[in-house]
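The values are calculated or read from the model by the stated rules, or taken from the named source; none is laboratory data. Being a predicted model, the structure only gives us computed values, none of them experimental. Cβ atoms come from the backbone with ideal geometry, glycine included; neighbour counts cover every protein chain shown.
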Amino acid sequence: MMRKGLFLGALLVALVSAPAEARAGGFDGPATGSVERVIDGDTVKVRVGVWIDQELIVSVRVAGIDAPELFRPKCEAERRRARAAKAFAEAFLADADVTLADIKRGKYAGRVVARIAAGGQDLGAALVAEGLAVEGARGAWCS
């Protein structure tokens, strides 16, 4: 009982002294984690430590890029490029801890938008350099 009271007291102090953005749910990072699964070229499930012995698995959308859609592609060319982007992301992130930076809330519940780096290299920049994603929004994969 005493430990629970001390823990809750420490948590309250941390929350009250945290910046307003953190109390509202914002967290810029960086945060380190491990890849659970690559969904597609620009979406990855990451296991991140958020507190002592506490982990969270979160869907992370790679910030600043658009990769072709693996689910519901508009044409066969988009499907092929989406498979290539996913395979590239899997190889890029294989057996590496990742760092999330510039973490923001995504527009969908349970997903964040962040830059993802592995071995000091940025996944988004690497996808763009390989021609498997474009900077900004909405690539034209079927033209």
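One line per residue, one yes/no per condition, for (1) among the small types (Gly, Ala, Ser); (2) within 15 Å of the chain's Cα centre (by Cα); (3) on the phi > 0 side of the Ramachandran plot:
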| position | (1), (2), (3) |
| --- | --- |
| ARG81 | no, no, no |
| ALA91 | yes, no, no |
| VAL98 | no, yes, no |
| ALA109 | yes, yes, no |
| VAL112 | no, yes, no |
| ALA125 | yes, yes, no |
| VAL128 | no, no, no |
| ALA137 | yes, no, no |
**OP:** Identify, by number, the condition in (1) farther than 15 Å from GLY29 by Cα; (2) free of Cβ contacts under 8 Å to residues at least 60 places away in the same chain; (3) surrounded by 15 or more Cβ atoms within 10 Å (Cβ to Cβ) that LEU123 doesn't meet.
**Re:** (2)
**OP:** Being within 14 Å of the chain's Cα centre (by Cα) and aliphatic (A, V, I, L, M) is the filter; apply it to region 52-66 and report the residue that is farthest from ILE39 (Cα to Cα).
**Re:** LEU56
Original post:
Do you know which residues across region 123-134 are over 11 Å from ASP42 (Cβ atoms) and either among the aliphatic types (A, V, I, L, M) or in contact with a strand residue (DSSP E or B) (Cβ under 6 Å, 6 or more places away or on another chain) (or both)?
Top reply: ALA125, ALA126, ALA129
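Condition check ((1) in a strand (DSSP E or B); (2) within 21 Å of VAL128 (Cα to Cα); (3) of a type outside the set (Gly, Ala, Ser); (4) modelled with pLDDT under 90) across all residues:
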| position | (1), (2), (3), (4) |
| --- | --- |
| ARG37 | yes, yes, yes, no |
| LYS45 | yes, yes, yes, no |
| ILE57 | yes, no, yes, no |
| ARG61 | yes, yes, yes, no |
| ALA77 | no, yes, no, no |
| ALA87 | no, yes, no, no |
| LEU100 | yes, yes, yes, no |
| ALA114 | yes, yes, no, no |
Subject >> Residue among ALA85, ALA94, ALA77 that is closer than 18 Å to ARG47 by Cβ and not acidic (Asp, Glu) >> reply: ALA94
Subject >> Matching residues in region 89-107 - criterion: being free of Cβ contacts under 8 Å to residues at least 40 places away in the same chain and farther than 16 Å from VAL38 by Cβ >> reply: LYS107
Subject >> Of all residues making up region 127-139, the number that are part of a loop (DSSP other than H, G, I, E, B) and farther than 18 Å from ARG83 by Cβ >> reply: 3
